[in-house]
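Heads up: the structure comes next, in structure tokens.
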């Protein structure tokens, strides 16, 4: 399995692979809470990958 290592991010993140959410830490407003000191490691599920094709990885911070 592949993993995405992002380390620490100030403050919130969401990660999408080919339009499907695969992870996130903290929360965006209006219910904001920080996840500043959290080390982010997200698995990239094989069933979400386009084998032999293009893949889109989006990180919202």
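Every read-out reported here was derived from the displayed coordinates using simple, explicitly stated rules and does not represent laboratory data. Everything numeric in this text was worked out from a predicted model, so none of it was measured. Positions of Cβ are backbone-derived with ideal geometry, glycine not excepted, and every protein chain shown enters the neighbour counts.
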Query - Any chance residue 46 is on the phi < 0 side of the Ramachandran plot, in contact (Cβ under 8 Å) with a residue 40 or more places away in the chain and surrounded by 15 or more Cβ atoms within 10 Å (Cβ to Cβ) - result: no
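Could you list all residues from segment 14-28 that are part of a strand (DSSP E or B) and touching a residue at least 12 places away in the same chain (Cβ under 8 Å)? Quick ask: steps written out before the conclusion?
Residues of segment 14-28 that are part of a strand (DSSP E or B), as a first pass: 14-17, 20-25, 27.
The answer is 14, 15, 16, 17, 20, 22, 23, 24, 25, 27.
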Report task. Give segment 29-43 a look and list any residue that's touching a residue at least 24 places away in the same chain (Cβ under 8 Å) and not in a loop (DSSP other than H, G, I, E, B), or say none. Result -> 39, 40, 41, 42, 43
